[in-house]
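Enquirer: Structure incoming, see below.
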Amino acid sequence: MKKIALISVSDKTNITEFGKEISDLGYEIIATGNTAKLLNESGIKVTQISEITSFPEVFDGRVKTLHPKIFGGILFRRDNQEDIKEARLNGIPPIDVVCVNLYPFEQTISKPDVTLEDTIENIDIGGPSLIRAAAKNYNYVSVLTDPNQYTEFIEQLKSREINIDKRKELAAEAFSYTARYDTVISNHLEKLFDQPKNYFRLNTKKEKQLRYGENPHQSATVYGDFQSYFEVFHGKEISYNNIIDLVSAVELVEEIGGNACTIIKHCNPAGAAFGSTVLEAYQNALKCDPVSAFGGIVVFTNEVDEGTAEKLNEIFLEIICAPSFSNAALEILKKKKNRRLVKQLKSIQGKVQNFKNIPGGIIVQDSDDILLKENELKVVTKREPSNEEMEDLIFAWKVAKHTKSNAIVFAKNKTTLGVGAGQMSRLDSSKIAKMKANEHGLDLKNSVAASDAFFPFADGLLEIINCGATSIIQPGGSVKDGEVIAAADENNVSMVFTGIRHFKH
């Protein structure tokens, strides 16, 4: 019985090489329009599918392969006598290899000028059906959906027939491929047609297996396209905890903007600051909590230069990340063999969804991407903040937004002086922030402070005032706001309400 391979691909990478190899192995090739044309032009004998079906491609190629002679050839069971009898009766030849990839829907919708017509025309119908049919009949049919599969498949075919284990592997990959395709289409059309999101779909390809997860006994895998945002070009393999901390650090430093630096430890800021130079930004950030900075993640908004590199090398750091590094800086930084150097390739800002596992499912929310606007701030005290205080308040607010609740952040001259994070009460966070500042010789007198949520009572505000702050920024909205404002006025400090809360659990 003759062997047949069906080839119909949008991504034609290495398809002529594959076609020649499989033809040389005795397979008859049947193919659709442009694929058939390309193979013919390369000197490979091909039979058009329309010759098998005795029916032309119609509707501008919308219907090419949807025919019983094609799907019957893929789906009939080779060890079922009734299937064999029906195939012979209806002139249906067996198709043993299906090599198909799909219209480039995802690439099409990523174009800024894409039309609705182009979007719809790039929804493949016959292709997914062919792939699913071949994957369903894996006992007898091999299905290829990725050019990266061609070489190994041909090598195995040359040495022996493809065994059942390999066909199972290809089938599982094929169903994952079509599932991903359908996920992208469904998500896009829901958004395009302004439809409610009644299903949560996430289908991304494995990018990298990590050494372990949060702890050595936990496994962890990266899925998606993380490497399009960050290039780890020096040091040890990046870990699960590294990635989580790195993202936290970049989220903060991008929101601060300008010439900024942040140091993150366990997803909380150990320091953040502006500077007239990259070195000054780092030094200002470091002085907030140099003890906690040890083993931390340092991220810059601008290029790391030689002077900054020399300073960075003075303590142990897990990761240094920046959009670029000078050659002189790299010579210095690469002396530390295990420390990771990371180049940020593009901004991570943008509307995304956050999700976490819960019993029975997942919980999904929009990212906290709302930005503070100075003209929307409301001064609620008799004393108004000075221009310098207002700049520091906005800076401290951005840092508090990226600090675990309950968060209290003291700052001055766009530099953090003390950070209290992740405590059960705002009072505790204030005390911890003051303790850390004092330990490192920093004076909170005439500083400003930010609280990520409102004060339920005046005691939290009074604790901050006792620490030395003269201006406070907080969301407001407590039933005790009047009491809190009165306490601020009695102590001659200024306070502004944002009307926005930034809990971070």
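Enquirer: Can you tell me which lysines have their Cα less than 19 Å from the Cα of K197? Leave out same-chain residues fewer than eight positions away.
Expert: Cα-Cα hits under 19 Å: K351, K356.
Enquirer: Could you compute the net charge surrounding F316? Neighbours are other residues with a C-beta less than 11 Å from the C-beta of F316; K and R count +1, D and E count -1.
Expert: That sum, taken over residues with Cβ under 11 Å, equals 0.
Enquirer: If amide hydrogens are placed 1.01 Å from N in the peptide plane, which non-local residues have theirs closer than 5 Å to the one on A260?
Expert: Close amide H contacts, sequence-distant or interchain: T301, N302.
Enquirer: Classify segment 114-245: rounded, prolate or oblate, from the alpha-carbon gyration tensor (a ≥ b ≥ c, eigenvalue square roots; a/c under 1.5 rounded; otherwise prolate if a/b is larger than b/c)?
Expert: oblate
Enquirer: For segment 3-73, what size does the Cα cloud have along each of its three principal axes, sorted from largest down, in whole Å?
Expert: Ordered largest first, segment 3-73 gives principal extents of 30, 24, 17 Å.
Enquirer: Can I ask one more? Set the Förster radius R0 to 51 Å, insert the Cβ-Cβ distance between R78 and H505 as r into 1/(1 + (r/R0)^6), and round the FRET efficiency to 0.05.
Expert: After rounding to 0.05, the efficiency reads 0.35.
Enquirer: Then there's this: Taking other Cβ within 10 Å of each residue's Cβ, how do V304, V63 sort, fewest first?
Expert: Arranged by neighbour count, lowest to highest, V304, V63 become V63, V304.
Enquirer: Something else about it: Given bins 5 angstrom wide, list per bin the percent of all Cα-Cα distances in segment 250-306, short to long.
Expert: Taking all Cα pairs of segment 250-306, the binned fractions are 4, 25, 33, 24, 12, 1 percent.
Enquirer: Can you give me the C-alpha center-to-center distance between segment 48-120 and segment 234-306, rounded to a whole angstrom?
Expert: For segment 48-120 versus segment 234-306, the Cα centre distance is 53 Å.
Enquirer: Subtracting the Cα-Cα distance from 0.36 nm times the residue separation, let me have the gained length for S276 to K166 in nm, one decimal.
Expert: 33.6 nm
Enquirer: With each pseudo-label sitting 7 Å past Cα toward Cβ, what's the E117-E237 distance in nm, one decimal?
Expert: Placing both labels 7 Å beyond Cα along the Cβ direction yields 5.0 nm.
Enquirer: Computed from the mean reciprocal separation of all distinct C-alpha pairs, what Kirkwood hydrodynamic radius does segment 225-344 have, in Å?
Expert: Roughly 13.7 Å, rounded to one decimal.
Enquirer: Want the number for E376 to F355: 0.36 nm per residue separation, take away the alpha-carbon distance, what's left?
Expert: Length gained, E376 through F355: 4.6 nm.
Enquirer: Assuming a strict under-15 Å limit between Cα atoms, what lysine pair count do you get for segment 225-344 once near-sequence pairs (fewer than 8 apart, same chain) are dropped?
Expert: Count of close lysine pairs: 11.
Enquirer: If a/c stays under 1.5 just call it rounded; otherwise compare a/b with b/c (prolate if a/b is bigger, oblate if not). Do that for segment 58-160, with a ≥ b ≥ c from the square roots of the Cα gyration tensor eigenvalues.
Expert: In terms of gyration-tensor shape, oblate.
Enquirer: For segment 374-497, report the % of Cα-Cα distances exceeding 20 Å.
Expert: 31
Enquirer: Separate question: Enumerate the amide H contacts of I4 below 5 Å, restricted to partners 5 or more residues apart or on another chain; note that Pro and chain-start residues carry no placed amide H.
Expert: Counting only residues 5 or more places away or on other chains, the set is E28, D96, V97.
Enquirer: While we're here: Give me the tail of P(r) for segment 38-95 as a percent: Cα-Cα pairs with distance above 18 Å.
Expert: Tail of P(r) above 18 Å: 45 percent of Cα pairs.
Enquirer: Mind checking segment 11-65 for trypsin sites (Lys or Arg not before Pro) that DSSP puts in a loop (not H, G, I, E or B) and that have at most 12 other Cβ atoms within 10 Å?
Expert: Answer in residue order: K45, R62.
Enquirer: Which values of log₁₀ I(q)/I(0), to two decimal places, follow from the Debye formula for the chain at q = 0.06, 0.11 Å⁻¹ with a uniform point scatterer at every Cα?
Expert: -0.44, -0.96
Enquirer: Still on this structure, please answer the following. Using r as the Cβ-Cβ distance of K343 and V222, and R0 as 25 Å, what FRET efficiency do you calculate, to the nearest 0.05?
Expert: So, using R0 = 25 Å, E works out to roughly 0.90.
Enquirer: In segment 289-374, which trypsin sites (Lys or Arg not before Pro) are in a loop and have at most 13 other Cβ atoms within 10 Å, using DSSP for the loop call?
Expert: When the trypsin sites (Lys or Arg not before Pro) of segment 289-374 are filtered for loop state and at most 13 Cβ neighbours within 10 Å, K335, K337, K346, K351, K373 remain.
Enquirer: Using the Kirkwood radius over Cα pairs, work out the Stokes-Einstein diffusion coefficient for segment 3-192 at 20 °C and 1.002 mPa s, in µm²/s as a whole number.
Expert: Estimated via Stokes-Einstein, D reaches 124 µm²/s.
Enquirer: Any chance you could get the radius of gyration and Dmax over the Cα atoms of segment 385-429, in Å?
Expert: Rg then Dmax for segment 385-429, in Å: 10.7, 33.
Enquirer: Still on this model: Would you list, by chain and number, the aspartates and glutamates whose Cα falls below 14 Å from the Cα of K166, excluding same-chain residues fewer than 8 positions away?
Expert: Counting by Cα, and skipping residues close in sequence, K166 has these aspartates and glutamates nearby: D96, E152, E155.
Enquirer: Continuing with the same structure: Considering only A134, S186, G258, whose Cα is most displaced toward the positive end of the charge dipole of the chain, charges sitting on Cβ of Lys, Arg (+1) and Asp, Glu (-1)?
Expert: A134
Enquirer: Whole number please: convex hull volume per residue, Cα atoms of segment 303-345, in Å³.
Expert: 56
Quick note: the coordinates plus some simple rules give every number you see, no bench work behind them. Since the model is a prediction, treat every value here as computed from it, not as a measurement. Heads up, the Cβs are rebuilt from the backbone with ideal geometry, glycines too, and the neighbour counts pull from every protein chain shown.
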